[in-house]
1. Contour minus end-to-end for A:GLN28 and A:ALA207, with contour as 0.36 nm per residue of separation and end-to-end as the Cα-Cα distance?
2. Per residue of the stretch A:95-101, what does 6.51 cos²θ - 1.76 cosθ + 1.60 with θ = phi - 60° give for ³J(HN,Hα)? Whole Hz please, x for Gly and Pro, Karplus curve as stated.
3. For an R0 of 51 angstrom, estimate the FRET efficiency from the Cβ-Cβ distance between A:TYR157 and A:VAL310 and round to the nearest 0.05.
4. Normalised by the residues of chain B, what does the relative contact order come to in percent, with Cα pairs under 8 Å and at least six apart?
5. Please identify the helices of chain B, taking whole runs of DSSP H, that span at least 30 Å along their own axis as judged from the Cα atoms and have a mean Kyte-Doolittle score of 0.5 or higher.
6. Based on other C-beta atoms within 10 Å, arrange B:LYS45, B:LYS183 from fewest to most.
7. How large is the helix-only mean residue ellipticity at 222 nm for chain A, computed as the sum of -39500 (n - 2.57) over DSSP H runs with n ≥ 4, divided by its residue count, in deg cm²/dmol to the nearest 500?
8. Expected output is a single nm value to one decimal: the length gained when fully extending between B:HIS241 and B:ASP196, i.e. 0.36 nm times separation in residues minus the C-alpha distance. What is it?
Amino acid sequence: VRQKAGVVPTIPPTLRGGAWISRVADRQFPTVALAPAMLLFILLLCYPLGYSLVVSFYHWRLTSPGSFRFAGLENYAALLTSAPSSVVSVWIPLENTLTYTVATVTLEFVLGFAVALLLQRQTSRSGLGFLRTFVIVPLMISDVVIALMWRMLWDTYGFINYVMNVLGQPSHAWLAEPSTAMAALVLTDVWQNTPFVFLMLTAGLQALPTDLYEVANIDGASPAQSFWHITVPLLTPVIVITLLFRVIFNFRDFTKIYALTAGGPGRSTELLSVNLYQEMFRNFDAGLGSALSWVIVVMTVLMAAVFVRVLWRQTFEG
Amino acid sequence: MPIRTTVGRVSWKRSGTEAFYWILVVAVIVYFTFPAFWMLLMSFKTRLAATAFPPVWIFHPTVLHYQGIFSTSTNPTEIGEPSLGTMLPYLINSVIIAVCTTVLTLALGTPAAYAFSGFRFRGDRLLAFAVLGIRFLPPISYVVPVYLLAANIGLLDTRLIVILVYTVINLPFIIWMLIGFFKDLPGEIREAARIDGCSEWSAFLRVLMPLVAPGLAATAIFAFMLAWNDFMIAFILTENHARTMPVALTRYISAEAGTYWGDLSAGGVVTMLPMLLFVLLAQRSLVRGLVLGAVKG
């Protein structure tokens with residue numbers, strides 16, 4: 001917008017009368033605009049995290065106030081070097097968490113990609129919006145409500161066993177049998193989070209240039225060849241982000257597991273987050289709980305570092 | 001016009017299996033909607049119908065469970081079936097907490113996102129990515145020290161602590177989503193406002209905020225949703241006074257679930273209803289927000 005000749009710029013009301021606060025607020029705009037949010041992070045995020053780091057080096061059982069004493073690295077040592085069968089040891093929950101994460105992310109990726117390709121031809125019609133509304137329903141529902149729905153489906157007298165019986169198969173107590181509980185949790189999460197993969201890949205597919213496909217078509221490439229040589233390479237950045245996103249978020253899953261199996265039967269579905277909850281709020285071991293919470297943070301940081309690197313490259317070097 | 005790729009189209013047309021294609025599409029839709037539909041049916045079933053095996057499809061519907069949830073009476077026997085009693089206080093808590101979180105998050109997040117999107121200053125990228133990093137912090141690791149500190153100062157089981165924790169956890173996502181919406185606006189708008197004599201603040205509040213309003217609305221829905229849907233934080237930080245709907249629902253989910261399936265389902269329907277309305281009303285901007293929030297943060 002060009003200034004009209006002869007129009008004197010109006011002095012903003014905030015600058016009148018030498019209100020120095022307004023002047024500082026204006027000159028230091030980014031600082032002032034960021035200050036409240038950053039202050040909140042420092043007070044309510046950095047401080048508690050620092051506090052829990054300190055506590056992680058202490059023995060502290062909440063039920064016996066006299067137990068507070070310096071422990072050095074003993075909490076961490078207990079987590080990492082206790083016998084794997086011990087409740088304290090991190091290895092069984094870690095193994096469960098990895099199983100859960102790898103299984104859910106793999107299934108969600110394959111299924112989500114398949115659905116994205118299936119509905120792809122709807123992109124240019126208003127049909128996609130309509131179909132998409134149904135597919136994204138699970139993303140909007142609370143974990144608790146999802147656990148409730150699936151609790152009814154997995155129940156011994158629930159809908160899944162009804163279908164099994166119709167197919168001539170015996171009923172199972174899906175959530176109560178060690179051999180099926182983990183699979184039931186994985187499939188519940190697949191229902192919830194496949195739509196996320198679908199959405200991300202659909203957005204990626206819509207951004208692909210059409211002319212490449214036309215050229216490939218003219219050159220006699222089969223749809224399968226187009227898919228492997230055009231779609232997959234061009235979609236790789238979106239795929240990487242989608243996968244990392246799901247890995248980090250499925251790794252920390254708590255609510256559905258807690259509400260469906262509470263880590264059982266035995267310890268067969270006890271993920272790290274459930275284990276942490278039990279150390280902290282069932283055994284009231286604040287020292288050990290804090291140490292475990294930092295072990296989880298470090299694992300997440302390692303995964304997030306990969307993610308942030310990829311994003312940084314795409315944002316600033318792409 | 002949206003760009004259309006032809007990978008899927010060619011192969012389906014060539015194989016000439018139009019019917020098969022539509023069967024697959026219907027199967028996908030049934031798969032993603034059936035559990036919600038089943039819970040909706042359950043919420044209208046009497047206890048007898050809810051526990052019938054094989055499950056019944058046709059039954060005499062009852063609204064007793066909804067009446068029970070919203071009744072002001074706390075006496076379960078008045079309802080005529082085993083009942084969890086009223087859930088009204090928890091629903092009110094959920095509404096208050098989600099609304100306050102939304103307002104607070106946007107009030108803090110909008111200026112921050114604007115500063116990140118339109119200004120260069122020392123360490124701007126580093127700070128923006130530090131904020132992004134917070135997003136990946138596992139909430140359970142964060143809520144452990146918050147529990148210890150809040151217990152010290154008597155803030156456990158208050159709405160305030162839940163609102164503050166939700167704000168901290170949601171803020172990174174909200175800031176990055178808003179950065180995306182601000183970056184969609186041409187940079188010249190701010191310059192023009194400045195040349196016309198606006199201060200930075202009035203350029204931001206009077207010129208840019210109204211332009212980014214649709215994005216703000218979508219972001220507000222997300223902020224609300226994250227607070228409304230959460231279980232874990234409210235579960236750990238509240239006891240009874242500040243208990244929210246999701247926490248109230250899980251109390252009976254395992255041991256005595258069969259007895260209360262009608263009530264639990266009705267509660268589940270009430271909890272997911274606002275979210276489903278959002279999907280129907282703002283499907284396009286929600287999808288954009290989800291993708292934006294993931295791709296850019």
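Here, each number is a calculation from the coordinates, and none is a lab measurement. Remember, predicted model here, so these are calculated numbers, not experimental data. Please note: Cβ atoms are built from the backbone with ideal geometry, for glycine as well, and neighbour counts cover all protein chains shown.
1. Taking A:GLN28 through A:ALA207 to full extension adds about 60.6 nm, to one decimal.
2. Per residue, the Karplus-derived 3J(HN,Hα) values read 4, 4, 4, 5, 4, 4, 5 Hz.
3. 0.65
4. Reported as a whole number, the value is 28 percent.
5. B:18-43, B:88-118, B:159-183, B:261-295
6. Ranked by crowding around the Cβ, least crowded first: B:LYS183, B:LYS45.
7. -20000 deg cm²/dmol
8. 11.0 nm
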